[in-house]
Amino acid sequence: MAICSVTPRALEHGKQVKQRGWYLDILEIYKYIETKDYQYSATPSLPHMFALNYQLDRILAEGLEQRYARHKEMAEYTRAWAKKNFALYPEEKYASVTLTTITNTRNISVKALNDALGKMGMQISKRLRRSEREDLPHRAHGRANNDGRKGSHRRHRKDSADTG
């Protein structure tokens, strides 16, 4: 399994980028992997590797097909809610099964919403881009078995390390 895969086209494009940074410079990483017996060019983030190992164990226990189906069902549920109450930001053909981005067509205050959610130990991500309206990303997670408890599906919890 690869944490990341890079195409020859991406490597060629990387050559055109003047300031690629260092830690995630795909050309530097590729050079090390090719010349240093698959060694990474920097010390990897061990907490992330441990977290990945933990989540991979959970994915294998659930089954990859079942996990994908659960995320897809929760994404469809979340997108249906978003279309009813706001609007989806991307064209549906580009929608992800793990992240739903909502356009704030009702012009609600995302800060006030996050303040209220914070009192319940939850939050939604702030907008990722500037626009005339704020966008509301909402992560669709499903600890529930999608058995009628859909209204209680977990939102992104800032106090939880469990990313289900």
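Once the Cα-Cα distance is subtracted from the 0.36 nm per residue extended length, the residue 23 to residue 84 segment shows a gain of 17.8 nm. Distance from the C-alpha centroid of the range 1-50 to that of the range 74-126: 33 Å, rounded to the whole angstrom. Applying a DSSP loop filter and a limit of 14 other Cβ atoms within 10 Å to the GluC sites (Glu not before Pro) in the range 1-102 leaves 91. Looking at the range 6-50, the trypsin sites (Lys or Arg not before Pro) that sit in a DSSP loop and have at most 10 other Cβ atoms within 10 Å of their own Cβ are 18, 36.
Considering only DSSP states other than H, G, I, E and B, which chymotrypsin sites (Phe, Trp or Tyr not before Pro) in the range 1-88 qualify as loop sites with at most 14 other Cβ atoms within 10 Å?
Working: sites: 22, 23, 30, 32, 38, 40, 50, 54, 68, 77, 81, 86; in loops: 22, 23, 38, 40, 86.
Passing sites in the range 1-88 are 22, 23, 38, 40.
Computed from label points 7 Å out along Cα-Cβ, the spacing between residue 34 and residue 6 is 0.9 nm.
Just subtract the alpha-carbon distance of residue 13 and residue 119 from 0.36 nm times their residue separation and send over the number in nm, one decimal.
Numbers: separation 106, 0.36 × 106 = 38.16 nm, distance 4.50 nm.
33.7 nm is the gain from fully extending residue 13 to residue 119.
Bear in mind that the values in this text are calculations on the coordinates, not laboratory data. Bear in mind the structure is a predicted one, so any value in this text is a computation, not a measurement. Cβ: placed from backbone, ideal geometry, glycine included. Neighbour counts: every protein chain shown.
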